[in-house]
Amino acid sequence: PWVTAVYHLLVTTLILSSLVAYLKYSDTRRVAWPILGAVLTLAALFTQENGVLIPPLVVLLAWLSGHGWGSWRRVLPWVAPLLVWLPMWLLIPRTTSELGLNQGETIGQNMAWLLQGVAFPFTWAGGWLRDVWGWNDLRTAVALSLVALSGVAFIQFRLRRSTTALVAFPWAWSLLTGLPTLLLLPFAYLLSSPRLLTLTAVGAAWLWAGSI
């Protein structure tokens, strides 16, 4: 395994643990949970840059859970660590080749690559489509992803889940965690970096788990 993949596994674990701490605090109101949440958030930030996703994820989870935008004090322990991390991150020396926003074609390619995570129940069909119909990998990934997303949306609509957070949050997770890869990284880089699916795969698994 790639050594760099370890950090993706670690930051994903820290992000999920931090969200669990928020849910525990919402249920119990025990002060130990926001303290733990702040520590986990800080640890995630200093582990890998994807840790910056914790504050928006927690704010979104609070809103979807019915706590409203006015409950900023509730989410403050998960947002405040950014004030510690950001000044240090800005002091890190940068190379001259900074990342820029991708063009439309690259965004489309990156989207197809990211969506393959949600299509995992249908990956068995990918080889057949490629070998029998002559589809390339990108076309196959797009087709299977569209089938998977349509299937999940249909199942959730038919089940009519009563909890908004249960339905909406996995979709939001998939979108937020995929945005940095979608907008900033070149497609050629993704082809040799399956580790970048680690965090977004949580949303894919969550979508299917909430639909079955």
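The values are calculated or read from the model by the stated rules, or taken from the named source; none is laboratory data. These figures come from a predicted structure and were not determined experimentally. So basically every Cβ, Gly included, is an ideal-geometry build from the backbone, and we count neighbours across all protein chains shown. The area values use the complete protein model at the heavy-atom level, side chains included, leaving out ligands, DNA and RNA. Shrake-Rupley method; radii C 1.70, N 1.55, O 1.52, S 1.80 Å.
Some points to look at:
- Protein accessible area in the chain, 1.4 Å probe - carbon and sulfur %: 70 percent
- Relative contact order of the chain, pairs being alpha-carbon contacts under 8 Å that are 6 or more residues apart, as %: 23 percent
- In the chain, the inverse of the mean reciprocal separation of distinct Cα atoms equals 18.8 Å; this is its Kirkwood hydrodynamic radius.
- Helix 197-209 and the long axis of the chain differ in direction by around 90°, with both axes built from C-alpha atoms.
- The chain, dipole about Cα centre (Lys/Arg Cβ +1, Asp/Glu Cβ -1), debye to the nearest 20: 700 debye
- Rolling a 1.4 Å probe over the protein heavy atoms gives the chain an accessible area of 58 Å² per residue.
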